[in-house]
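The values are calculated or read from the model by the stated rules, or taken from the named source; none is laboratory data. Because the structure is predicted, anything quoted here is derived from the model rather than measured. For neighbour counting, all protein chains shown are included, and Cβ atoms are generated from backbone atoms with ideal geometry for every residue, glycine included.
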Amino acid sequence: MADLTSTFAGITSPNPYWLASAPPTNSAYQVNKAFEYGWGGAVWKTIGAPVLNACNRYGAFEYGTHKLLAINNVELISDRPLETNLREIREVKELWPDRAVIVSAMVESTPEAWHDIVQRIEDTGADGIELNYGCPHGMSERGMGSAVGQVPEYCTMITRWVAEAASIPVIVKLTPNVTDIVPPARAALAGGADAVSLINTINSIVGVDLDTFEIRPNVGGKGGHGGFAGPAVKPIALHMLSAVAADPEFGEGGLPISGIGGVQTWRDAAEFLLLGASNVQVCTAVMHYGFRIIEDLVDGLSNWLDAKGADSLADVIGASVPRISAFGDFDLSFKSVARIDESSCIQCNLCFVACDEGAHQCIDLTVDGARIDPAALSSDARPQPRVREEDCVGCDLCSLVCPVDGCITMVPVESGRPRVTWNDLVRDRSDVTTDWDAMMAYRKETGIDIH
Amino acid sequence: MRETALTLDQLRDRFSETNPPYTAHEAAVEADRCLYCFDAPCIRACPTGIDVPTFIRKIATGNVTGAATTILESNLIGHSCGRVCPVDELCVGSCVLGAEHRPIAIGRLQRYATDALYQSGHMPFETAPEGSKRVAVVGAGPAGLSCAGELAKRGIGATVFEKQELPGGLSTFGIVVLREPIRVSLEEVEFIRRLGAEIRTGVQVGQDVTAAELLSSYDAVFLAAGTGSVPDLGIPGEDLDGVTEALSFIAETKLAEKDGIERLLDLPVGKRVIVIGAGNTAIDAATVARRLGAESVTIAYRRGDSDMPAYDFEVAFVRNEGVDFQFLAQPVEVLGEGGRVSGLRCLRMELGDVGADGRRSATPVQGSEFVLPCDQVIKAIGQSKLEPLFQAFGVDTERGYARVDEALRTSNPKVFAGGDCVRLSGHALTVTAAQDGKIAAKAIATALGVVPAEGELPTGVSRSGAGRASKQHSGAFQPLRSAPHAVAKGGHDG
């Protein structure tokens, strides 16, 4: 059995799953219950300035019959009095000394306000403090949340105010509502943060009611942008995580990253770990299914680590980071083609129409091996899709639309060309990268035939 | 006769549609599973060519009105067909998910869509303004209604003559309530009326109005009269009290749904019932007898198990109802006591070589007579032909059926025919009748010089892919890979 014990910026927890700062961590009642179920830690719902909430607060992004692919919310930071939160945090930490109790905070942008809240949080015995630089609604208009996270200079400044006052680890939570998340991450490092966490929620309008024309969530007939979170945001979170994890300047600081954004299963968590997160935070999945999901999150991750021969989380954290690259460094001589396993193909022909209309016209419909005109199908025989491998550009669309597991695979094939990247071409054959005639000559010379 | 009387609640329960309707959620989940195949085989498997992937996708997107419209564009009898089609033999049987996965419940989804449309009262079609052409349709069953509706959509005046007091044919009278309530058939009829067709009931062509009158007053005639009544067995004892005929027996249970379930309290059913025949009507009659309270119901059939014309799923259903079978039993005499049925004398049959019809011959075994005790005999041995009707219209026949060509033209250029009255071979299905009505309407419109209806798709063309070559464009098919592919790549860039 692999050891799931997690150490994050010096904070230990029995597993790498923390509840993110959000509605599930709003009270001692909830956090105590979560810890009973086995959660490794909890980041208390952000405390700070006084607020008044609106309703409705949440809207769902659904697809077909799949509920809650994401939640959009316009809920604010904790609307419970500061003293109540601080008292409960102390009680919880006393009850659960082995769990990570982190307090998220957001106050007015003055050194006094931050020094004061840091002191009051430390007095609870909490293990760490998370700075909410991400909240995209309600607080940002008051100069807090993402209003800070979007400006690296503010990010450094406030982090410094906190770091100079804090004796416990300081985690800076980054907003995704920026064009590049690396500068704010570097800014947190410069300000003296002990770790970063990412991502907070993404600005969104989740939908419009087709009967009433109201924006969802509907607040008395009006609606506005809110924060988007849940399984649908995972790919964006993974990208931002990889950008920070692979940044050399950030890497020099050696700060750990807490991965957030659409973690619903242990598989999601494993992907965050592989891309450089030291632990993960979960919210929407709990809002959907409750704290009980921790059992499989732990069990599945443990079984996967065992299957991979890993003894501890350290063996997998960041294991895929060296594979993070960019287009300019991709090997353009690498070639793969689609292959259809005709014995498992059910002839739905989704691959055909996808390739023909949505991609590069490399799949034929055939009857008894002969290509037929798809616009004039008349035979009672079900046509069999077949890839013209010599024309296949290796885009992978067909295998993505195929409903049968393992039916279409992308097979690497020898291109017969030496390894070359775009950056190589820019450096060695700049004419090829700027002039179409030179490009065509280069293709001819190297035997690249694009049909 | 039946000893323990059933309560009205019991009867209501026993004579209502077996499958409950899908809830919106069930429909959405099922629709979501559809792969939306390109050139989907279910379209080809449907005799009316319903664009199944398109209508299912519309259910999935919440466009249920559009889903029903897609169905009815291809099949105006789609409301019935969603319930009565042998889908395992047709669309569902062809579903690509069938082999190793669970196929899509296409019939249930079709029913969901048409139920919603008929409940809403929405009319999705715009009919062409009525022109000067008039067509008489004989018979208001699926074929006649389908034809009348299609004609009405084209602005051709259609008058349907129906001898029964209620239109709908077998959908109204002959298909057991468990599969299709009478309400469904009557909703379908109403829809055809709203399209503009006139339906006159209680008018028997040949008696109340003559063939000659129709031929002179109308520009064309479509014969969709189905088949005649159940013929006599031609054996002694047939006129005994307790011998009934399957179709009227089933019809009583259909009417009870409309006129009040208490009607069934007066419907005589035996304690021990024998149904003669093994087609779908025999199955339905046996089901009805069981559900009315018969203690034992036995289907007597002169051939073997595998020769039964009824569908396997129906046979399985009726076995589950507790109905027994007597195979290789040829009835030779209905026995009676005091004028009432007391038994059925049968001869044991023996199967011989395979004959021209692909079935093994059945011959009686000498001295094999035996008696099946019973107090009711229900005849379900097929229906008689309508030779006199065809003669009156000057239509050539073949083995009692109207002879037609592919466009359902008869030997009389003014007369077309379809539905069960031309069904020389193969299964006489509601859906094939519906398709006949469609084919005939098109042929009639062409014959009368009426242009196709607005938005009508050419045969074999679906919106969900394939058969879209009607419009020539630069993406025309290139027979060989070596041919310049640039043609097919027209407009593609990147």
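Of everything in region B:244-272, what is in a strand (DSSP E or B) and either basic (Lys, Arg) or on the phi > 0 side of the Ramachandran plot (or both)? Give them in sequence order. Break it down stepwise before answering.
Just the residues of region B:244-272 that are in a strand (DSSP E or B), to begin with: B:244-245, B:272.
Scanning region B:244-272 gives a single hit, B:272.
Out of B:194, B:154, B:102, which single residue is more than 26 Å from residue B:413 (Cβ to Cβ) and not assigned by TED's automatic domain parsing to the domain that holds residue B:87? Please lay out each step first, then the result.
Working: B:154 fails: more than 26 Å from residue B:413 (Cβ to Cβ); B:102 fails: not assigned by TED's automatic domain parsing to the domain that holds residue B:87.
After applying the criteria, what remains is B:194.
Search region B:380-407 for residues being closer than 20 Å to residue B:441 by Cβ and either in contact with a Pro (Cβ under 6 Å, 6 or more places away or on another chain) or among the β-branched types (Val, Ile, Thr) (or both), and hand back the single one that is surrounded by the fewest Cβ atoms within 10 Å (Cβ to Cβ).
Per the stated criteria, the residue is B:395.
Which is over 18 Å from residue B:125 (Cα atoms) and out of contact with any Ser or Thr (no Cβ under 6 Å at 6 or more places or on another chain), of B:73, B:30?
On the way: B:73 fails: over 18 Å from residue B:125 (Cα atoms).
None of the other options fit; the residue is B:30.
For every residue, the table says whether it meets (1) part of a loop (DSSP other than H, G, I, E, B); (2) more than 17 Å from residue A:237 (Cα to Cα); (3) not β-branched (Val, Ile, Thr).
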position: A:116; (1), (2), (3): no, yes, yes
position: A:136; (1), (2), (3): yes, no, yes
position: A:157; (1), (2), (3): no, yes, yes
position: A:168; (1), (2), (3): yes, yes, no
position: A:180; (1), (2), (3): yes, no, yes
position: A:184; (1), (2), (3): no, no, yes
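Would you call residue A:135 surrounded by 23 or more Cβ atoms within 10 Å (Cβ to Cβ) and free of Cβ contacts under 8 Å to residues at least 40 places away in the same chain? Give the derivation first.
Values: surrounded by 23 or more Cβ atoms within 10 Å (Cβ to Cβ): yes; free of Cβ contacts under 8 Å to residues at least 40 places away in the same chain: no.
No.
Hand me the list of strands (runs of 3 or more DSSP E) wholly inside region B:273-370 holding 1 or more residues that are more than 30 Å from residue B:257 (Cα to Cα) and touching a residue at least 24 places away in the same chain (Cβ under 8 Å).
Details: elements: B:296-300, B:324-326, B:329-337, B:340-354, B:360-364.
In region B:273-370, the matching strands (runs of 3 or more DSSP E) lie at B:324-326, B:329-337, B:340-354, B:360-364.
Hey, among B:150, B:188, which residue is in contact with a His (Cβ under 8 Å, 6 or more places away or on another chain) and outside any loop (DSSP other than H, G, I, E, B)?
B:188
Among (1) more than 10 Å from chain B (Cβ to nearest Cβ); (2) within 18 Å of residue B:39 (Cβ to Cβ), there is one condition residue A:346 misses while meeting the rest; what is its number?
Of the numbered conditions (1) more than 10 Å from chain B (Cβ to nearest Cβ); (2) within 18 Å of residue B:39 (Cβ to Cβ), the odd one out for residue A:346 is (1).
Within region A:218-227, is even one residue buried (at least 24 other Cβ atoms within 10 Å of the Cβ) and assigned by TED's automatic domain parsing to the domain that holds residue A:287? Walk me through it before giving the result.
Taking region A:218-227 first, the residues buried (at least 24 other Cβ atoms within 10 Å of the Cβ) are A:226-227.
Imposing the further condition that a residue be assigned by TED's automatic domain parsing to the domain that holds residue A:287 reduces the set to A:226-227.
Scanning region A:218-227, I find at least one residue that is buried (at least 24 other Cβ atoms within 10 Å of the Cβ) and assigned by TED's automatic domain parsing to the domain that holds residue A:287, so the answer is yes.
May I ask you to say which residue of B:92, B:96 is touching a residue at least 24 places away in the same chain (Cβ under 8 Å), under 22 Å from residue B:42 (Cα atoms) and assigned to a helix (DSSP H, G or I)? Explain how you work it out, then say what you get.
Details: B:96 fails: assigned to a helix (DSSP H, G or I).
So the residue among B:92, B:96 that is touching a residue at least 24 places away in the same chain (Cβ under 8 Å), under 22 Å from residue B:42 (Cα atoms) and assigned to a helix (DSSP H, G or I) is B:92.
For region A:337-357, give me each residue that is crowded, with 18+ Cβ neighbours inside 10 Å and either part of a loop (DSSP other than H, G, I, E, B) or outside the structural domain of residue A:392 (by TED's automatic domain parsing) (or both).
Matches in region A:337-357: A:345, A:346, A:347, A:348, A:349.
Provide a single number: the residues in region A:189-217 that are surrounded by 20 or more Cβ atoms within 10 Å (Cβ to Cβ) and without any contact (Cβ under 8 Å) to a residue 60 or more places away in the chain. Quick ask: steps written out before the conclusion?
Taking region A:189-217 first, the residues surrounded by 20 or more Cβ atoms within 10 Å (Cβ to Cβ) are A:189, A:191, A:193-202, A:204, A:206, A:217.
Checking which are without any contact (Cβ under 8 Å) to a residue 60 or more places away in the chain leaves us with A:191.
Summing the residues that are surrounded by 20 or more Cβ atoms within 10 Å (Cβ to Cβ) and without any contact (Cβ under 8 Å) to a residue 60 or more places away in the chain in region A:189-217 gives 1.
Given the residues B:56, B:50, B:77, which is the only one that is of a type in the set (A, V, I, L, M), in the same structural domain as residue B:114 (by TED's automatic domain parsing), in contact with a Phe, Trp or Tyr (Cβ under 8 Å, 6 or more places away or on another chain) and modelled with pLDDT of 95 or more?
On the way: B:50 fails: in contact with a Phe, Trp or Tyr (Cβ under 8 Å, 6 or more places away or on another chain); B:77 fails: in contact with a Phe, Trp or Tyr (Cβ under 8 Å, 6 or more places away or on another chain).
Sole residue among the options that is of a type in the set (A, V, I, L, M), in the same structural domain as residue B:114 (by TED's automatic domain parsing), in contact with a Phe, Trp or Tyr (Cβ under 8 Å, 6 or more places away or on another chain) and modelled with pLDDT of 95 or more: B:56.
Give, as residue ranges, the helices (runs of 4 or more DSSP H) completely inside region B:11-65 that count at least 2 residues that are without any contact (Cβ under 8 Å) to a residue 40 or more places away in the chain and of a type in the set (A, V, I, L, M, F, W, C). Can you show your working first?
Numbers: elements: B:24-33, B:41-45, B:52-60.
Because the criterion is at least 2 residues that are without any contact (Cβ under 8 Å) to a residue 40 or more places away in the chain and of a type in the set (A, V, I, L, M, F, W, C), the helices (runs of 4 or more DSSP H) in region B:11-65 that meet it are B:24-33.
For region B:96-146, which residues satisfy the criterion of being within 14 Å of chain A (Cβ to nearest Cβ), over 23 Å from the mean Cα position of the chain (by Cα) and surrounded by 19 or more Cβ atoms within 10 Å (Cβ to Cβ)?
B:96
Which is surrounded by 24 or more Cβ atoms within 10 Å (Cβ to Cβ), under 13 Å from residue B:223 (Cα atoms), of a type in the set (A, V, I, L, M, F, W, C) and more than 20 Å from the chain's Cα centre (by Cα), of B:158, B:152? Even if it seems obvious, please write down each step before you answer.
Numbers: B:152 fails: under 13 Å from residue B:223 (Cα atoms).
So the residue among B:158, B:152 that is surrounded by 24 or more Cβ atoms within 10 Å (Cβ to Cβ), under 13 Å from residue B:223 (Cα atoms), of a type in the set (A, V, I, L, M, F, W, C) and more than 20 Å from the chain's Cα centre (by Cα) is B:158.
Among the residues of region A:268-325, count how many are assigned to a loop (DSSP other than H, G, I, E, B), of a type in the set (Gly, Ala, Ser) and without any contact (Cβ under 8 Å) to a residue 12 or more places away in the chain. Write out each step before concluding.
Start the filter on region A:268-325 by keeping residues that are assigned to a loop (DSSP other than H, G, I, E, B), which leaves A:275-278, A:283, A:290, A:308-311, A:316-320, A:324-325.
Add one more test, that the residue is of a type in the set (Gly, Ala, Ser), and what stays is A:276-278, A:290, A:309-310, A:318-320, A:325.
Keeping just the survivors that are without any contact (Cβ under 8 Å) to a residue 12 or more places away in the chain gives A:290, A:309, A:325.
Final tally of qualifying residues: 3.
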